[in-house]
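Values in this text are rule-based calculations from the coordinates and carry no lab data. Note that the structure is predicted; figures quoted are calculated from it, not measured. All Cβ positions, glycine included, derive from the backbone under ideal geometry; neighbour counts span all protein chains shown.
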Amino acid sequence: MQIETMAMAGTLESSDVQVTVEPGTAGIELRLESSVMNQYGRAIQKTVLDTLKRLGVSSARVQVVDQGALDCTIRARVECAVFRSAGISDKNIPWGGVVQ
């Protein structure tokens, strides 16, 4: 999936995560801030990168500001930001295909 424009999903509320994606030039550039970085930083990074890979994103700048979100929330926010960036609306999300 191609990142076409800057897009954001999520909030900065407790137990949520804000994900911003924009077009990149050299693979995935990930910036991660988290209130639980020492405990879960590597797991959050893996969840974000795995989700991007599953969606077929090979080049993007991604900023993640985590406030203690669960993995399922992180995956959902990354998916939403990528879909928004690619211009995919609720009428053409590939349910049962890319989203698993």
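In terms of surrounding Cβ atoms within a 10 Å radius of their Cβ, Cys72, Cys80 rank from fewest to most as Cys72, Cys80. Across the range 77-86, rounded Karplus estimates of 3J(HN,Hα) from the backbone phi angles (6.51 cos²θ - 1.76 cosθ + 1.60, θ = phi - 60°) give 5, 5, 4, 4, 4, 5, 4, 4, 5, 8 Hz, Gly and Pro being marked x. Phi-derived couplings, Karplus 6.51 cos²θ - 1.76 cosθ + 1.60 at θ = phi - 60°, listed residue by residue for the range 58-70: 10, 9, 5, 9, 10, 10, 10, 10, 9, 10, x, 6, 6 Hz, with x used for Gly and Pro. Mind checking the angle between helix 37-54 and the chain's longest principal axis? C-alpha axes, 0 to 90 degrees, to the nearest 10. Once rounded, one gets 10 degrees. Residue order for Thr11, Thr51, fewest other beta carbons within 10 angstrom first, comes to Thr11, Thr51.
Subtracting the Cα-Cα distance of Arg42 and Glu4 from 0.36 nm times their residue separation leaves 10.9 nm of extension gain.
In plain terms, the C-alpha convex hull of the chain casts an average shadow of 5.7 nm² when viewed from every direction. Near the amide H of Ser34, within less than 5 Å, lie the amide hydrogens of Asp66, all on another chain or at least 5 residues away, with H placed in the peptide plane. If you take the Cα centroid of the range 43-67 and the Cα centroid of the range 1-37, the two points sit 7 Å apart. With both labels modelled 7 Å from their Cα along Cα-to-Cβ, the Glu33 to Ile88 distance reads 2.8 nm.
Take every DSSP beta bridge whose two residues both sit in the chain; close to 55 percent of them are antiparallel.
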